[in-house]
Amino acid sequence: MRLTSKVLDEEQAAFLVRQRVARLATADGEGRPYAVPVCFALAQASVYIALDEKPKGVPASRLKRVRNILENPDVALIADRYAEDWSLLAFVMVRGRAELLEPDSGEHAAAVRLLRGKYHQYEAMRIEDNPVIAIRAEKATSWGTLEELEASGRQMLDTIRGRRSVRRYLQKRVPGDIVERVLEAARWAPSPHGRQPWRFAVLTREETKEHLADAMGEEWRANLEMDGQRAEIVEKRLEGSRRRLLDAPVLVLICLYLEDLDTYPDAERQSGETTMAIQSLGTAAQNALLAAYDLGLDAGWMCAPLFCPEKVVEALGLDARLVPHALLTLGYAEGDPPKRRPRMPLHELVVYRD
Ligand SMILES: Cc1cc2nc3c(=O)[nH]c(=O)nc-3n(C[C@H](O)[C@H](O)[C@H](O)COP(=O)(O)O)c2cc1C
C-alpha cells in the first residue's frame with residue numbers, strides 16, 4: 001500500500017486528512033513543552049505546516065515553535081473531534097521528528113502546493129517565502145470513532161471550497177449507506193420540468209471495474225493513436241486511467257436519460273431541451289460531489305465515458321437509452337491532493353450591469 005509507510009493506518013490517515021486544524025506540540029532543549037494550533041497537510045508519512053503571515057509579532061524564524069524544533073526536533077501533532085455525543089469523540093496523534101524545509105527545495109514547493117490546495121486562504125499569502133515545517137511521522141496513535149459518521153456540520157461555503165478532485169484513494173471500503181446518501185443528494189438536483197434526465201450506475205466489484213476499464217481503454221487507445229501520440233505515452237496514459245478506475249472503491253457512472261423530456265417539431269428547441277438536460281446532469285454531479293465531501297468521502301470526475309458511450313453501455317449491460325456522460329470516483333483520499341487548480345478572482349468572472 002502506498003500510504004504512509006505503515007506509520008499511519010488507513011483509518012488514521014483518512015481521519016487526519018479530513019481535519020482542518022491540529023495542535024502541534026514542541027519542546028525546547030530543556031524539555032519545556034509548548035503547543036499551538038496549526039493548519040496542516042498530509043502526504044505519505046509527512047505532515048506539512050506553513051509558517052504563514054498570520055499576525056504573530058515576530059518573524060517566522062523567531063517563532064517559538066521554530067526555535068524549539070531547531071533545539072529539539074521531537075514533536076507531536078494531535079487532531080481531534082469533539083462532540084457532545086461522546087460516542088463520536090476521536091483523535092489521532094502523530095509523533096516524529098520535525099525539520100524545516102527551506103524555500104529552495106522541491107519538497108518545499110510541493111508542500112506549499114499541498115497547503116494551498118487544502119486552504120484557499122493560503123492562495124493570497126506568500127507562504128512560499130518562509131520555511132515549511134515537515135514532520136516525519138514515526139509513530140501514530142489514535143482513539144475513538146475515527147469514521148466520519150455524520151455530516152460534519154461545516155458551513156455550506158466551506159464544503160464548497162473544501163471539495164477537491166481526488167485521484168488516489170485508500171483501499172478502505174465505503175459503506176453502502178454512505179453511497180446511497182450521495183446518490184440521494186444527486187436525486188434532489190434541479191432539472192428541466194422536474195423530469196430528472198439522469199440515471200446512475202454504481203460499480204464496486206473489481207471485475208466490473210476491470211471490464212469497464214478494458215472497454216474504455218480500447219477506445220481511448222484508438223483515439224490516442226489516431227492523434228499520433230507516441231506509443232510509450234499512450235501506454236502511460238492508459239495505465240494511469242486504468243489505475244484510477246481500479247483503485248477507487250466506488251464508481252458512479254452518471255448517464256443522460258432523454259426519454260421523458262419534451263419533444264418539439266424544430267431542431268433548435270429540441271437541442272435546447274438536450275442542453276438543459278446536460279446542465280441538469282452537471283448539477284446532479286455537483287450535488288453528489290458536495291454530499292460526498294460533506295459525508296467524509298472524497299471524489300473525482302472522469303470524463304472518459306463521454307467519448308465512448310456505446311462501449312460503456314455495452315460493457316455494463318445498461319439500457320441502450322442511457323448516454324454515459326461522467327464517471328465519479330468515490331473513496332477516502334490517500335492524502336491531500338498534490339495539485340489543486342487555483343481559481344480566477346471573482347472580478348475577472350463577473351460584470352455588474354446595474
Ligand atoms: C465536466 C468535467 C470533466 C472532468 N474530467 C476530468 C477527467 O477526465 N479527469 C480528471 O482528472 N479530472 C476531470 N475533471 C476534474 C477537473 O480537472 C477539476 O475539477 C479541476 O481541475 C478543478 O480542481 P478541483 O476539482 O480539485 O477543484 C473534470 C471536471 C469536470 C467538471
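Criterion first (near the ligand (Cβ under 10 Å from one of its atoms) and among the aliphatic types (A, V, I, L, M)) does MET344 satisfy it? Give the steps one after another, and end with the answer.
Numbers: near the ligand (Cβ under 10 Å from one of its atoms): no; among the aliphatic types (A, V, I, L, M): yes.
The answer is no for MET344.
Consider the stretch 2-55 and keep the residues that are loosely packed, with under 14 Cβ neighbours inside 10 Å and assigned to a helix (DSSP H, G or I). The one that is modelled with the highest pLDDT is LYS6. Cβ-Cβ contacts under 7 Å between residues 6 or more apart (or on different chains), taken from a first residue in the stretch 279-307 that is part of a helix (DSSP H, G or I) and open to solvent by 10 Å² or more (accessible area, probe 1.4 Å) to a second residue that is of a type in the set (Phe, Trp, Tyr) and within 12 Å of the ligand (Cβ to nearest atom), are listed as ALA304/TRP220. For the stretch 200-208, the criterion of being open to solvent by 80 Å² or more (accessible area, probe 1.4 Å), touching a residue at least 12 places away in the same chain (Cβ under 8 Å), of a type in the set (Asp, Glu) and on the phi < 0 side of the Ramachandran plot is met by at least one residue. Tallying residues that are within 19 Å of LEU295 (Cβ to Cβ) and not in a loop (DSSP other than H, G, I, E, B) within the stretch 332-354 yields 1. Against the conditions (1) within 18 Å of VAL179 (Cα to Cα); (2) within 13 Å of the ligand (Cβ to nearest atom), ARG237 satisfies every one except (1).
Could you please find all residues in the stretch 179-208 being hydrophobic (A, V, I, L, M, F, W, C) and either part of a helix (DSSP H, G or I) or farther than 19 Å from LEU327 by Cβ (or both)? Result: VAL179, VAL182, LEU183, ALA185, ALA186, TRP188. Considering the stretch 157-178, and only residues there that are within 16 Å of the ligand (Cβ to nearest atom) and assigned to a helix (DSSP H, G or I), the residue that is surrounded by the fewest Cβ atoms within 10 Å (Cβ to Cβ) turns out to be LEU157. So in the stretch 310-330, with the set limited to residues that are open to solvent by 30 Å² or more (accessible area, probe 1.4 Å) and in a helix (DSSP H, G or I), which one is nearest to the ligand (Cβ to nearest atom)? The selected residue is LYS311.
The values are calculated or read from the model by the stated rules, or taken from the named source; none is laboratory data. Note that this is a predicted model, so its numbers are computed, not measured. Don't worry about glycine lacking a Cβ; one is built from the backbone with ideal geometry, like all the others, and counts go over all protein chains shown. Areas reflect the complete protein model, heavy atoms only, side chains present, ligands, DNA and RNA absent. Shrake-Rupley method; radii C 1.70, N 1.55, O 1.52, S 1.80 Å.
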